[in-house]
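The values are calculated or read from the model by the stated rules, or taken from the named source; none is laboratory data. Since we're looking at a predicted model, the values are computed, not measured. Here Cβ is always computed from backbone atoms with ideal geometry, including for glycine, and neighbour counts include all displayed protein chains.
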Amino acid sequence: MPILNKLVIFDENNIEDSLKKAISSEPQDVVMEIRESGLKGRGGAGFPTGTKWLLARSAHADKKFVVCNADEGEPGTFKDRILLDEYTKLVFEGMVIAGYAIGAQKGFLYLRGEYRYLFDKLTKYLEQMRKENRLGNNILGSNYSFDIEIRLGSGAYVCGEESALIESLEGHRGEARNRPPYPVNTGYLGYPTIVNNVETFAVAHIIVAKGAEWYSKYGTSKSTGTKLLSISGDCKKPGVYEVPFGTTISDILKLVEAENTKAVQVGGASGFCIPKAEFDRTVAFEDVSTGGSVIIFNETRDMLQVLENFMEFFVEESCGQCTPCRIGNVKLLEGLMKIRNNDCSLSYIHELVDLGRSMQIASKCGLGQSSPNPFISIMEHFENEIFSQR
Ligand SMILES: Cc1cc2nc3c(=O)[nH]c(=O)nc-3n(C[C@H](O)[C@H](O)[C@H](O)COP(=O)(O)O)c2cc1C
Ligand code: SF4
């Protein structure tokens with residue numbers, strides 16, 4: 001699948017020799033360029049990338065690590081797969097540049113188990129990079145050495161959460177760690193580690209080539225640049241699209257030729273349901289924030305069924321470590337089953353919305369903190385429809 005509507009970042013004309021440029025600069029200048037660009041992490045949480053790299057660079061340790069999060073487990077997301085397959089150079093060289101910037105010698109690509117079919121192709125690409133002296137010892141004749149290893153995940157959604165991912169990399173069961181300490185100080189094997197999304201590394205590569213000033217002309221002042229969206233559901237042209245931050249939901253719907261749209265789930269199962277009345281809202285960290293998943297529902301869709309699908313996913317994927325998430329998701333799903341069986345009052349659903357709000361605060365990691373989002377937002381906008389249909 002190609003990237004449709006390529007604008008800036010993924011225009012092949014912009015793919016220059018950033019690696020050479022980075023390695024002939026001072027590492028701190030690379031970090032500063034990324035900071036000045038305003039780049040925020042593309043995995044969903046939107047943490048400023050330059051700040052993450054600066055914290056890891058400032059940490060004192062014999063070893064540091066770079067991890068590319070290619071777990072891509074959020075339902076409705078498939079843009080990282082396209083980047084890995086078709087823009088491999090941007091991703092791997094972006095990791096080398098990050099390693100140089102923070103002072104790391106080793107990187108891992110944590111590849112989603114379902115993307116095993118890409119393993120051989122990516123391994124060959126790394127071999128080619130070593131032959132070209134773009135990876136390995138004394139990269140491009142410099143005194144900087146860095147290598148990348150690919151590790152496969154096994155299909156657990158929680159392993160996309162950075163601390164659970166690090167546990168999995170270390171060979172343990174994938175469970176979230178208590179934070180702080182954060183990976184930038186205490187990450188893989190206790191060493192400072194940056195974990196960034198596939199798209200974040202690819203964009204960093206382009207920023208090094210074109211400069212922070214050029215990059216920050218795109219998007220909004222708080223969300224610079226562009227975003228890759230994986231768009232699926234009820235539309236004529238699903239696919240991966242590059243749009244500038246600040247694009248409205250209605251413009252996205254026009255782009256993919258969606259008709260009679262009732263709601264758009266932005267941010268995947270753990271994201272928010274945006275109803276028709278709010279289609280003038282924008283994709284931006286300050287408005288509707290997303291790791292890239294956009295799922296479109298037209299007038300024919302049963303929102304109760306949509307919500308049941310999401311909650312079944314979370315019941316299945318909760319790692320079970322903490323009570324709010326382990327029990328809370330089951331309770332939310334049971335409530336939906338009660339509605340389906342005409343055995344549920346509106347006041348009970350309101351109690352469950354309150355339970356969801358408690359889960360957002362009390363759960364240990366991002367999974368349980370975000371799993372009530374679709375329940376709360378779908379009930380907020382479609383409660384009447386859901387109850388009147390039964
Ligand atoms: C349950 C869960 C799953 C996640 N899955 C992913 C994922 O597949 N890919 C990803 O980049 N970030 C994922 N994240 C976010 C990561 O924890 C982390 O914030 C991100 O990799 C940091 O990279 P960034 O700053 O470049 O966005 C997930 C978070 C949670 C709570
Ligand atoms: S919030 Fe859920 S996934 Fe995260 S630690 Fe608790 S039980 Fe595990």
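If Ser232 passes every condition in (1) in a loop (DSSP other than H, G, I, E, B); (2) outside the structural domain of Glu93 (by TED's automatic domain parsing) but one, which one does it miss?
Condition not satisfied by Ser232: (1).
Is it fair to say Leu165 is surrounded by fewer than 23 Cβ atoms within 10 Å (Cβ to Cβ) and in contact with a helix residue (DSSP H, G or I) (Cβ under 7 Å, 6 or more places away or on another chain)?
no
May I ask you to verify whether Lys106 is away from ligand 1 (no atom under 14 Å from the Cβ), at pLDDT 95 or above and either of a type outside the set (A, V, I, L, M, F, W, C) or more than 16 Å from the chain's Cα centre (by Cα) (or both)?
yes
Exactly one of (1) within 17 Å of Gly153 (Cα to Cα); (2) more than 16 Å from ligand 2 (Cβ to nearest atom); (3) in contact with a Leu (Cβ under 9 Å, 6 or more places away or on another chain) is unmet by Asn197. Its number?
So the condition that Asn197 fails would be (3).
Please determine whether any residue of the stretch 61-77 is among the charged types (D, E, K, R), farther than 27 Å from Ser370 by Cβ and touching a Pro at 6+ places or on another chain (Cβ under 7 Å).
For the stretch 61-77, residues among the charged types (D, E, K, R), farther than 27 Å from Ser370 by Cβ and touching a Pro at 6+ places or on another chain (Cβ under 7 Å): present.
Are any residues in the stretch 301-337 within 11 Å of ligand 2 (Cβ to nearest atom) and hydrophobic (A, V, I, L, M, F, W, C), and if so, which ones?
Across the stretch 301-337, the qualifying residues are Phe314, Val315, Cys319, Cys322, Cys325, Ile327.
When the residues of the stretch 101-115 are narrowed to those that are surrounded by fewer than 24 Cβ atoms within 10 Å (Cβ to Cβ) and assigned to a helix (DSSP H, G or I), which ends up farthest from ligand 2 (Cβ to nearest atom)?
If we take residues in the stretch 101-115 being surrounded by fewer than 24 Cβ atoms within 10 Å (Cβ to Cβ) and assigned to a helix (DSSP H, G or I), then Tyr115 is farthest from ligand 2 (Cβ to nearest atom).
Yes/no matrix, rows are residues, columns are (1) under 21 Å from the mean Cα position of the chain (by Cα); (2) more than 15 Å from ligand 1 (Cβ to nearest atom); (3) assigned by TED's automatic domain parsing to the domain that holds Leu109; (4) not in a helix (DSSP H, G or I):
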| residue | (1), (2), (3), (4) |
| --- | --- |
| Ser163 | yes, no, yes, no |
| Glu167 | yes, no, yes, no |
| His172 | no, yes, yes, yes |
| Asn178 | yes, no, yes, yes |
| Pro183 | yes, no, yes, yes |
| Ala202 | yes, no, yes, no |
| Ile207 | yes, no, yes, no |
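Mind checking which residues of the stretch 227-246 are surrounded by 24 or more Cβ atoms within 10 Å (Cβ to Cβ), more than 22 Å from Arg301 (Cβ to Cβ) and β-branched (Val, Ile, Thr)?
Val240
Could you pull out every one of the helices (runs of 4 or more DSSP H) wholly within the stretch 315-390 that has 1 or more residues that are away from ligand 1 (no atom under 13 Å from the Cβ) and either touching a Ser or Thr at 6+ places or on another chain (Cβ under 6 Å) or modelled with pLDDT of 95 or more (or both)?
By residue number, 323-340, 346-362, 373-388.
Identify, from the list Asp302, Asp280, the residue that is in contact with a strand residue (DSSP E or B) (Cβ under 7 Å, 6 or more places away or on another chain), surrounded by fewer than 21 Cβ atoms within 10 Å (Cβ to Cβ) and not hydroxyl-bearing (Ser, Thr, Tyr).
None of the other options fit; the residue is Asp280.
Each row is one residue, and each column tells you yes or no for (1) touching a helix residue (DSSP H, G or I) at 6+ places or on another chain (Cβ under 8 Å); (2) not hydrophobic (A, V, I, L, M, F, W, C).
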{"position": "Leu19", "(1), (2)": "yes, no"}
{"position": "Gln28", "(1), (2)": "yes, yes"}
{"position": "Lys40", "(1), (2)": "yes, yes"}
{"position": "Gly46", "(1), (2)": "no, yes"}
{"position": "Lys52", "(1), (2)": "no, yes"}
{"position": "Asp71", "(1), (2)": "yes, yes"}
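Filter the stretch 57-81 down to residues that are away from ligand 1 (no atom under 14 Å from the Cβ) and part of a helix (DSSP H, G or I) and give me whichever is farthest from the chain's Cα centre (by Cα).
Narrowing the stretch 57-81 to residues away from ligand 1 (no atom under 14 Å from the Cβ): 57-64.
Pick out the ones that are also part of a helix (DSSP H, G or I) and you get 57-58.
Values: Arg57: 23, Ser58: 25 Å.
Here the residue is Ser58.
Across the stretch 194-219, what is the total count of residues that are in contact with a strand residue (DSSP E or B) (Cβ under 7 Å, 6 or more places away or on another chain) and closer than 18 Å to Leu83 by Cα?
Qualifying residue count, the stretch 194-219: 6.
Would you say Lys237 is more than 30 Å from Arg326 (Cα to Cα), more than 21 Å from the chain's Cα centre (by Cα) and not assigned by TED's automatic domain parsing to the domain that holds Leu54?
yes
Here is a yes/no grid of residues against (1) more than 15 Å from ligand 2 (Cβ to nearest atom); (2) loosely packed, with under 15 Cβ neighbours inside 10 Å; (3) farther than 18 Å from Gln265 by Cα; (4) more than 25 Å from the chain's Cα centre (by Cα):
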residue	(1), (2), (3), (4)
Ile339	yes, no, yes, yes
Leu352	yes, no, yes, yes
Leu355	no, no, yes, yes
Ser358	no, yes, yes, no
Gln369	no, no, no, no
Asn373	no, no, no, no
Ile376	yes, no, no, no
His381	yes, no, no, yes
Gln389	yes, yes, yes, yes
